[in-house]
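Data first, discussion second: the structure below is written as structure tokens.
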Amino acid sequence: MRFLFLTLISIWSLQAAGPNYVLIFCDDLGYGDLGCYGSKKNRTPRIDAMAKEGVRFTSFMSSSPVCTPSRASLLTGCYARRVSMHEDFTGHWVLIPRSRRGMHADELTLPEMLQAKGYATACIGKWHLGDQPPHLPTAHGFDEYYGIPYSNDMASARRGDPPLPLVKQAKVIEAPADQATLTQRYTREAVKFIERNKAKPFFLYLPHTFPHLPLFASKDFHGKSANGRYGDSVEEIDWSTGQILDALKKHGLEKNTVVIFTSDNGSNGRNGGSNAPLSGAKGGTMEGGMRVPMIARWPGRIPADTTCDALSSTMDFLPTFARLSGGQLSKNKIDGHDITPLLTGAQGAQSPYEVFYYYRRRQLQAVRWGDWKWHLPLANTFPNWTTANQKGRGRPGKLVNLKKDLAEKIDVTEANPKVMAKMRELVAQAEATLGNEARQGKEQRPATTLGSSQPMVLQN
């Protein structure tokens, strides 16, 4: 009798569960790098077909123009500044090997929320939220982990970094990682995860290593694109996306799986990457640094061949997946919103954001309100990769209207005093709640900083 009861409970849980989720997260892929976003250089037929089968977002934002904070936002639904993951405790903009910084255990992550609903969870690819055991994916809601723990350029002999490690669960299995084979190996692991979990709800997080520099592609793609090594890596990611979609179709999972394709920030604008028609690049708060491609497919639920222009962000995945799966959010305040109405094309659906903040490291640099975006006047800007107490050059302020001036070239400050008054009000709110530069925000929560750390190395 007890067995029957438990069996019925198990069946009910599966029936009550929401859809499966596949979240493909590229590294430094620019707004203009896909065919469906205007690229004439990179061949991306599988991703373009995915866009035809779903919705393509044109005003979708990462919360940061670089890796670590953007990934913290995706997993927690918060601005990185709110959860103190906007920079390393040493002042570096992103976490470096052996960093003692990581997400606080009190922060509810996207996989933890889904785990509580009975989902199998896997992170396959680049992590970049801490390489120490308490900070690895398996400590933050992922049942499985396979990938590199930080960026593929982080093996500095000068800094004493270990050889770039490939990690399974919490153990280094290869060092240095063979980067030319990473995309293919990630893909194989992802397909195997889908096959193992086809009879239960699952969340597959696939953060690709590329097209972050240095660029690599397997022998099947190396030298094959018209856009050099950058195009090779993008086209291999397109192939990988096709393999994932094919696996879902093979196992009859298409209609019950939400597939998301997006990027952690804009392209650096070099080596073949493009953010066209946007201005700016990775590392900056112009649109090209933080506006990214986003495609969502869910046959029968997301209308095919549609476009959404409403402002939304990577912070929205957590509350949206919670809504779709019946998951519970924590009592901690988050900044993301449920964008189910935007995904499903609900009549009259609008952006849930009154305001969107552009933080660069610890500094608030711009504010968006509707179509208006104010680049704050700054006495100093922090350089990209140096320590926090070093300052860069200052800059004047500028108000632009993104609807009329997507390139952000025309300053309309003088003609819009009422808009500027509202912008100053919104900046004051951000500084009070989230903080700015050295000023701590009253709603800012701590990260975890360990007392010591060890390098991840291959054990003999």
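Any read-out appearing in this document is the output of simple, stated calculations on the displayed coordinates, not a laboratory observation. Just so it is clear, the structure is predicted and the values come from calculations on it, not from any experiment. Cβ: placed from backbone, ideal geometry, glycine included. Neighbour counts: every protein chain shown.
In what sequence do 150, 79, 353 fall when counting other Cβ within 10 Å, fewest first? It would help to have the intermediate numbers written out before the result.
On the way: 150 25, 79 30, 353 22.
Ascending Cβ contact count within 10 Å gives the list 353, 150, 79.
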Provide the per-residue ³J(HN,Hα) series for the range 211-225, in order, calculated from phi with Karplus coefficients 6.51, -1.76, 1.60 and θ = phi - 60°, each as a whole number of Hz, with x at glycine and proline positions. x, 4, 7, x, 8, 9, 8, 5, 4, 6, 10, 4, x, 9, 8
Quick one: which residues, 5+ away or cross-chain, put their amide H under 5 Å from the amide H of residue 308? H built at 1.01 Å from N. 56, 57, 58
Within the chain, the percent of DSSP beta bridges that are antiparallel, given to the nearest 5, stands at 55
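Of all alpha-carbon pairs in the range 355-448, indicate the percentage at a distance above 16 angstrom. Provide the component values of the computation, followed by the final result.
Details: 2533 of 4371 pairs.
Pairs farther apart than 16 Å: 58 percent.
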As I understand it, the dipole of the range 38-129 uses +1 on the Cβ of Lys and Arg and -1 on the Cβ of Asp and Glu, about the Cα centre. Which of 93, 125, 77 lies farthest toward its positive end? 125
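Take the cross-link list 40/373; 126/282; 282/409; 200/255; 198/249; 40/255 and give me the ones stretching past 22 Å between alpha-carbons. Before the final figure, lay out each step's value.
Details: 40/373 29 Å; 126/282 18 Å; 282/409 18 Å; 200/255 14 Å; 198/249 11 Å; 40/255 31 Å.
Violating the 22 Å Cα-Cα cut-off are 40/373; 40/255.
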Kindly identify the range 68-152 as rounded, prolate or oblate by the Cα gyration tensor criterion: order the square roots of the eigenvalues as a ≥ b ≥ c, call it rounded if a/c is under 1.5, otherwise compare a/b with b/c, prolate if a/b is larger, else oblate. oblate
Which of rounded, prolate or oblate describes the chain when judged by the alpha-carbon gyration tensor and an a/c cut-off of 1.5? rounded
Fewest to most neighbouring Cβ within 10 Å: what's the order for 36, 67? 36, 67
Under 5 Å between amide hydrogens, which residues at least 5 positions from residue 120 or on another chain qualify, with H placed 1.01 Å from N in the peptide plane? 202, 203
Kindly write out, for the range 106-115 in residue order, the coupling ³J(HN,Hα) from the Karplus curve 6.51 cos²θ - 1.76 cosθ + 1.60 (θ = phi - 60°), rounded to whole Hz, with x marking Gly and Pro. 6, 7, 6, 9, 4, x, 5, 4, 6, 3
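Based on other C-beta atoms within 10 Å, arrange 64, 99 from fewest to most. Before the final figure, lay out the partial values.
Working: 64 32, 99 24.
Starting with the residue having the fewest Cβ neighbours, the order is 99, 64.
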What is the chain's relative contact order, in percent, from Cα pairs under 8 angstrom and six or more apart in sequence? 25
Which whole-Hz ³J(HN,Hα) couplings does the range 147-152 yield from phi under the Karplus relation 6.51 cos²θ - 1.76 cosθ + 1.60, θ = phi - 60°, glycine and proline marked x? x, 9, x, 7, 5, 6
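Let me check I've understood the local charge: for residue 443, count other residues with C-beta under 12 angstrom from its C-beta, Lys and Arg +1, Asp and Glu -1. What total comes out?
Values: positive: 81, 82, 333, 442, 445; negative: 335, 431.
Counting the neighbours of residue 443, the net charge comes to +3.
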Loop sites only, by DSSP: take the GluC sites (Glu not before Pro) in the chain that have at most 11 other C-beta atoms within 10 Å and name the longest stretch containing none of them. 1-353
Work out which helices of the chain, taken as complete DSSP H runs, extend at least 15 Å along their axis over the Cα atoms and score a mean Kyte-Doolittle of 1.6 or more, then list them. none
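Would you mind counting up the charge near residue 212? Only other residues with Cβ under 11 Å from its Cβ, with Lys and Arg at +1 and Asp and Glu at -1. Kindly include the intermediate steps, with their values, before the conclusion.
On the way: positive: 126, 282; negative: 27, 28, 153, 264.
Counting the neighbours of residue 212, the net charge comes to -2.
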Cα-centre dipole for the chain with unit charges at Cβ (Lys and Arg positive, Asp and Glu negative), debye to 20: 300
Distance from the Cα centre of the range 169-188 to that of the range 29-74, in angstrom? 24
The chain: longest stretch without exposed trypsin sites (Lys or Arg not before Pro) (DSSP loop, at most 14 other Cβ within 10 Å), sites themselves excluded? 41-157
Cα gyration tensor shape of the range 76-232, rounded if a/c is under 1.5, else prolate or oblate by comparing a/b with b/c: oblate
